[in-house]
Amino acid sequence: MHELSVVEKILAVVLAHAVKHRVKRVLAIHLEVGELSDLEDRWLQHYFDHVSKGSRAEKARLVIVRMPARLQCGACGHDFSFATAAEQANACPRCSSTDCRLIAGQGYFIKHLEAL
Ligand SMILES: [Zn+2]
């Protein structure tokens, strides 16, 4: 599963942070996950519980916030929501250019940690 490699990376970052800041226990990890990402919350927590066993982050709760997808127009620089893009057949609502790229809504990142 795709989620397994993701949680391994998250755990590595979290543990490096925990060591650096002399954290005893990580209680919760706040993540932002793009709405277009195929990561599923329940699998993330499931795999995280598995890979974090015996570490300082064992039993940490993943708090996942879905981030809305946004596009930016390559022609005029306008940025707009993915929902707007879908209505406009992926063209810029300002100048109608179809040279638009996704600037948010894919992938994930660690927002902050709750720790002791
Ligand atoms: Zn435009």
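Please sort 95-105, 37-47 by packing, taking for each peptide the average over its residues of neighbouring beta carbons within 10 angstrom, highest first.
On the way: 95-105: 13.9, 37-47: 15.8.
Result, highest mean Cβ count within 10 Å first: 37-47, 95-105.
Applying 1/(1 + (r/R0)^6) with r as the Cβ-Cβ distance of Ala12 and Ser81 and R0 = 25 angstrom yields a FRET efficiency of 0.15.
Summarising the label geometry, the points placed 7 Å from Cα in the beta-carbon direction at Ile110 and Leu4 lie 2.1 nm from one another.
Gain in length, His50 to Lys20, computed as 0.36 nm per residue apart minus the alpha-carbon separation, to one decimal in nm?
Details: separation 30, 0.36 × 30 = 10.80 nm, distance 2.32 nm.
Extra length available between His50 and Lys20 comes to 8.5 nm.
Dipole magnitude for the chain: computed about the Cα centre from +1 point charges on Lys and Arg Cβ and -1 point charges on Asp and Glu Cβ, it is near 700 debye. In straight-distance terms, cross-link reach from Lys9 covers every one of the aspartates and glutamates whose alpha-carbon lies under 20 Å from its own, apart from those fewer than eight places away in the same chain; here that gives Glu32, Glu35, Asp38, Glu40, Asp41, Asp49, Glu58, Glu114. Extending 7 Å from Cα along the Cβ direction at Glu58 and again at Arg42 yields two label points whose distance is 2.6 nm. Ordering Cys76, His46, His17 by Cα displacement along the dipole of the chain toward the positive end leaves His17 in first place; charges were set at the Cβ atoms of Lys, Arg (+1) and Asp, Glu (-1).
Percent of accessible area on region 2-115 owned by carbon and sulfur, 1.4 Å probe? Working shown, then result.
Numbers: 3520 of 6800 Å².
The computed percentage sits at 52.
Each 10 Å bin from zero holds the following percent of Cα-Cα pairs in the chain: 14, 37, 22, 18, 9, 1.
How would you classify region 40-89 from its alpha-carbon gyration tensor, with a ≥ b ≥ c the square roots of the eigenvalues: rounded for a/c under 1.5, else prolate if a/b is greater than b/c, otherwise oblate?
Since a/c reaches 1.5 and a/b is larger than b/c, the shape of region 40-89 is classed as prolate.
The stretch between Val65 and Ile103 holds 12.0 nm of extra length on full extension. This uses 0.36 nm per residue minus the Cα-Cα distance.
Taking Cα atoms only, the orientation of helix 41-51 departs from the longest principal axis of the chain by about 30 degrees.
The values are calculated or read from the model by the stated rules, or taken from the named source; none is laboratory data. Since the model is a prediction, treat every value here as computed from it, not as a measurement. Cβ sites come from the backbone with ideal geometry, for glycine too, and all protein chains shown count toward neighbours. We work out accessible area using only protein heavy atoms, side chains counted, and drop any ligands, DNA or RNA first. Shrake-Rupley method; radii C 1.70, N 1.55, O 1.52, S 1.80 Å.
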